[in-house]
Every structure is written in C-alpha cells, then in structure tokens.
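Accompanying notes for the structure given below.
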Amino acid sequence: MPKYSRPKEPHINEIEIKRSRFIAHAIPLNHTSELQQLQAQLQLEHNKASHHCLAYILGGPQKPRAAGSSDDGEPTGTAGKPMLNVLLQQKIGDVGVVVTRYFGGTKLGAGGLIRAYGQAVAELIKVLPLEGVETRLELVVDYPYNMEPQIQRLLSQSSIAVVDESFGESVTKQLSIVESDYAQVKASLEGLAHLGVVVRRSTP
C-alpha cells in the first residue's frame, strides 16, 4: 500500500559548514500557521542569526494539498527550494522545516548555499522520528435521509473517515478513504444510485 512518512514529533539537528551554523527544526504540520509561529519563535530565540528559511508540505508528498518555501533573504532559490526538494525526494509529508543560519564569515556562493540547506534538511531527516501514513483519497456522497442507515453501515469500515458533512434537502458527506479501499467503496456507493445516492470526486 502506498505510504509516505511524517514527523512523529518536533526535532532539531545542527550541522556546520565553513563555520556557518545551520540549525534545522522540523515539526508535524497540520496548517501553515503552525510553521509561521515556529519561524517567529526562532527569530526571537536566535535574533542574531542571519536567516530563518523554511519549507513545508501539507498532505502527502506525491499529491500535496499545499507546499511551499521561503529563502528569507538568501539569494532566490538557494535555500527554501532545495530544502523542499529534499522533503519531496525523501517522501516526507505533513511537515514544516525551518533552517536557522548563523553566518560564519565565509561566503558559500549560490551552489554552496543550495548544497548546505539541502544537506541541513537531509541530515535532519536521518535522525527525525517518523511514522508511516497511508495514502488517502477523498470523495463526496449525497443521499436522501431515508438512506442514512444503509450509508452508515457502509461507512463503518475503519478505512473510511468522514471529513465534513452537511444537512440540507439531502445529506452530504465528504469522505477520506484509504487508497487501497477507494475503488471498492466508490463502487458500493455508486451501486446505490437508483436509490438517490450521488457520488462525486472531492474538489482538490
């Protein structure tokens, strides 16, 4: 079953390159605001540092809900992007990383910075406690109220989670389903179309 890894807990690792210190912090990430808070906290704790560059992935690295990076004053493309590339290559998701740099007096050049920030994240991942996450897909199902008992029986499988629901003229549920069970669940719901059940893919 396809999986990706995510941090189990926050972790820190430090490397030194030509007297510049690169302190990499990783956190489990559910929302970008959590990473912004970490960056702000590190800017206070390490107020003499030169830069606090970041990268993040929300969701799985194969098809993230969101992903991004920031060079925080380093030359464009020399910090955040190589950090993000390492996360993608290592198949890490639901993760936020901030690398704090203390300048050591020796300029590294664009190529040196790319290698240094990438290495800082790669070395962090080597010691980062990780847990496996099953890849999930989402769909939306609409159905009449009289179908509630039958739908609930179908949704009682542990591989299905109700992400959102609303109650209007009909019931609407947004479902998150383990990828290996997705086709079977979708087919079972579509088999109830003659009873007013409508299945559609969730909007990305």
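The values are calculated or read from the model by the stated rules, or taken from the named source; none is laboratory data. Quantities reported herein were computed from a predicted structural model and do not represent experimental measurements. Every residue, glycine as well, gets a Cβ built from its backbone with ideal geometry; the counts of neighbours run over all protein chains shown.
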Next on the checklist: Among the residues in the stretch 42-56, are any charged (D, E, K, R), out of contact with any helix residue (DSSP H, G or I) (no Cβ under 7 Å at 6 or more places or on another chain), at pLDDT below 95 and not in a strand (DSSP E or B)?
Outcome noted: no
Checklist entry - Is it true that some residue in the stretch 67-88 is within 16 Å of K3 (Cα to Cα), in a helix (DSSP H, G or I) and assigned by TED's automatic domain parsing to the domain that holds E16? => result yes
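Conditions tested, residue by residue: (1) closer than 30 Å to L192 by Cα; (2) surrounded by fewer than 17 Cβ atoms within 10 Å (Cβ to Cβ).
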site	(1), (2)
V86	no, no
Q90	no, no
G105	no, yes
A120	no, no
V141	yes, no
Checklist entry - Counting only residues that are at pLDDT 90 or above and acidic (D, E), which one in the stretch 158-180 is surrounded by the fewest Cβ atoms within 10 Å (Cβ to Cβ)? => result E169
Item to check | Count of residues meeting criterion [part of a helix (DSSP H, G or I) and among the β-branched types (V, I, T)] in the stretch 100-118 | outcome: 1
Item to check | Among the residues listed as V121, V97, the single one being within 15 Å of the chain's Cα centre (by Cα), in contact (Cβ under 8 Å) with a residue 24 or more places away in the chain and either outside any strand (DSSP E or B) or in the same structural domain as P64 (by TED's automatic domain parsing) (or both) | outcome: V97
Next on the checklist: Among the residues in the stretch 29-37, are any crowded, with 19+ Cβ neighbours inside 10 Å and closer than 30 Å to L137 by Cβ?
Outcome noted: yes
Next on the checklist: I'm told G118 meets every condition in (1) modelled with pLDDT of 95 or more; (2) within 30 Å of G168 (Cβ to Cβ) except one. Can you identify the failing condition by its number?
Outcome noted: (2)
Checklist entry - Taking the stretch 152-194 on its own, how many of its residues are farther than 19 Å from T135 by Cα, in a strand (DSSP E or B) and not polar (S, T, N, Q)? => result 4
Next on the checklist: Out of everything in the stretch 58-82 that is buried (at least 17 other Cβ atoms within 10 Å of the Cβ) and modelled with pLDDT under 95, what residue ends up being nearest to E134 (Cα to Cα)?
Outcome noted: G60
Next on the checklist: Can you tell me which condition L155 does not meet? The list is (1) within 23 Å of V199 (Cα to Cα); (2) exposed (fewer than 12 other Cβ atoms within 10 Å of the Cβ), and all the others hold.
Outcome noted: (2)
